[in-house]
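J.: Questions regarding the structure given below will be posed in turn.
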Amino acid sequence: HAFYLSIPPKAFELVCQQLAEHGLADRPGLRITTVPLEWYVPATRTVVGVVLLGGEYARFSFPYKTMSLIERGYPVLCFADMGIADFLERNRVGLGVARSSEAIRAGIDALVRDGAPGMTDAQRTQSWAARVATARASAED
């Protein structure tokens, strides 16, 4: 697999340092970009969005990047104990996995192999555009 990390510019140095600490900085196929996700054009056909957050925040939050990834048609991988895991699996747009490198690797492999069969429906019903349309319709009632 090739890995493209799209990160905020202010996090660039920290991410590079952490990758180096784990022996991943010089990994073939790893590219780090500070281009916003909205502008990102992948160099490969298969893309998996990875949202791996830690702490209490992750257990109860729904990171906006999740919907941005789904709107772009990218299956999403997260930790099973994150607040978004149930949504991803229920809508068949991603997977929640255990907090281990083996589980992350297996999850990425599964999403590359199987894709996200619910993606088209989720894009139609769960996107930001769909939510705005629902809010507008509610306001008109």
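The values are calculated or read from the model by the stated rules, or taken from the named source; none is laboratory data. All figures in this text were calculated on a predicted structure; none of them were measured in a lab. Counting neighbours? That spans all protein chains shown, and the Cβs are built from the backbone with ideal geometry, glycine included. Calculation scope for accessible area: heavy atoms of the full protein, side chains included, ligands and nucleic acids excluded. Shrake-Rupley method; radii C 1.70, N 1.55, O 1.52, S 1.80 Å.
J.: For segment 85-98, give me each residue that is surrounded by fewer than 23 Cβ atoms within 10 Å (Cβ to Cβ) and touching a residue at least 24 places away in the same chain (Cβ under 8 Å).
T.: Within segment 85-98, Phe87, Asn91, Arg92 meet the criteria.
J.: Now a separate question. So which strands (runs of 3 or more DSSP E) stay within segment 43-141 end to end and still have 3 or more residues that are modelled with pLDDT of 85 or more and under 23 Å from Ile7 (Cβ atoms)?
T.: 76-79, 94-97
J.: I've got another one for you. Just one of Met67, Met82 is under 14 Å from the mean Cα position of the chain (by Cα) and in contact (Cβ under 8 Å) with a residue 40 or more places away in the chain; which is it?
T.: None of the others qualify; the one that does is Met67.
J.: Right, another one. Any residue that is aromatic (Phe, Trp, Tyr) and either surrounded by fewer than 12 Cβ atoms within 10 Å (Cβ to Cβ) or within 13 Å of the chain's Cα centre (by Cα) (or both) - is there at least one of those in segment 117-138?
T.: Checked segment 117-138: no residue is aromatic (Phe, Trp, Tyr) and either surrounded by fewer than 12 Cβ atoms within 10 Å (Cβ to Cβ) or within 13 Å of the chain's Cα centre (by Cα) (or both).
J.: Taking the condition of being open to solvent by less than 100 Å² (accessible area, probe 1.4 Å) and part of a helix (DSSP H, G or I), how many residues in segment 18-28 meet it?
T.: Residues that pass the stated criteria total 3.
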